[in-house]
1. Counting only heavy atoms of the protein chains, get the accessible area per residue of the chain (1.4 Å probe) and round it to a whole Å² value.
2. Charges on Cβ only, +1 for Lys and Arg, -1 for Asp and Glu, centred on the Cα centroid of the chain; of 143, 205, 20, which one is farthest towards the dipole's positive end?
3. For residue 213 and residue 143, what does the FRET efficiency come to when R0 = 41 Å and r is the distance between their Cβ atoms, rounded to the nearest 0.05?
4. Return the long-range amide H neighbours of residue 10 (sequence gap of 5 or more, or a different chain), with a cut-off of under 5 Å between placed amide H atoms.
5. For the chain, what does the helix formula give at 222 nm: sum of -39500 (n - 2.57) over DSSP H segments with n ≥ 4, over the residue count, nearest 500 deg cm²/dmol?
6. Given H placed on each backbone N at 1.01 Å, which residues far from residue 221 in sequence or on other chains put an amide H within less than 5 Å of it?
7. Taking the alpha-carbon centroid of each part, what is the distance from the stretch 3-79 to the stretch 176-216 in angstrom?
8. Could you give the dipole magnitude of the stretch 1-159 about its Cα centre, charging the beta-carbon of Lys and Arg +1 and that of Asp and Glu -1, in debye to the nearest 20?
Amino acid sequence: MDDISSPLRTIELSHVDLSLGTGAARVHVLKDISVEIGAGDTVGLVGPSGSGKSTLLMVMAGLERVDKGRVVVAGTDLTGISEDGLSRFRGRHIGIVFQSFHLIPTMTALENVAVPLELAGHPDAFARAARELEAVGLAGRAQHYPAQLSGGEQQRVAVARALAPEPPILVADEPTGNLDEATGRQIMDLIFAAHRARGTTLVLVTHDATLARRCRRVLRLRSGVVEADAAAATLDAEAL
């Protein structure tokens with residue numbers, strides 16, 4: 001595990017290549033990508049379907065291993081870490097929000113949020129989970145199971161779960177993709193409010209130009225290559 005001198009809570013990718021699949025179905029998904037994201041930044045990953053943006057996010061989160069190149073997150077080189085080591089690293093440093101919620105159906109909202117805290121050994125896991133649910137407006141739904149919650153409520157639980165360990169980095173993969181426009185806007189308001197309050201580094205994948213504009217910076221991918229890296233305010237709707 002190599003530490004580097006750049007500030008914590010950054011993401012640095014150097015000449016990253018990644019192919020997925022086997023044999024004739026193998027696809028070169030990421031091609032010689034070098035990206036650096038500073039602490040506390042907000043970055044939107046945009047591009048057409050199949051451009052590699054979700055895969056790039058998963059690489060940043062330590063959920064996909066690269067074939068070539070170097071991936072440094074929060075000052076730690078992830079390239080040679082074991083799967084168990086990566087899991088522990090994510091538990092300390094990275095909160096993840098998925099499009100499909102990924103809640104455990106047999107657990108209440110409170111238990112879902114408490115899970116990563118318990119795995120990390122926090123003695124006050126349930127008290128902290130209750131505070132996070134209150135922060136996303138679900139204090140009264142803590143004992144409900146996912147099937148008893150609306151899609152927006154389930155995503156609120158997922159956001160609370162991602163934020164509960166107080167990770168310095170939050171990544172989100174199409175977090176509003178399964179929600180209606182109004183509910184999706186509420187979820188993103190929560191995520192950006194958490195970013196401001198906690199100083200997290202936020203990286204999100206989105207097809208929504210309005211949402212991408214809420215980020216300070218946008219990376220546009222096409223065919224596995226970063227074809228644009230610019231301040232969101234400088235990009236027009238077509239570019240997003």
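1. Using a 1.4 Å probe on heavy atoms only, each residue of the chain averages 46 Å².
2. Result: 143, furthest along the dipole toward the positive end.
3. Here the calculated transfer efficiency is 0.60.
4. For residue 10, whose amide H was placed from the backbone, the distant partners under 5 Å are 74, 75.
5. -9500 deg cm²/dmol, from helical runs alone.
6. The answer is 46, 47, 227.
7. For the stretch 3-79 versus the stretch 176-216, the Cα centre distance is 20 Å.
8. 300 debye
The values are calculated or read from the model by the stated rules, or taken from the named source; none is laboratory data. Since this is a predicted model, take the numbers as computed values, not measurements. Cβ: placed from backbone, ideal geometry, glycine included. Neighbour counts: every protein chain shown. With ligands, DNA and RNA removed, areas are computed over all heavy atoms of the protein, side chains included. Shrake-Rupley method; radii C 1.70, N 1.55, O 1.52, S 1.80 Å.
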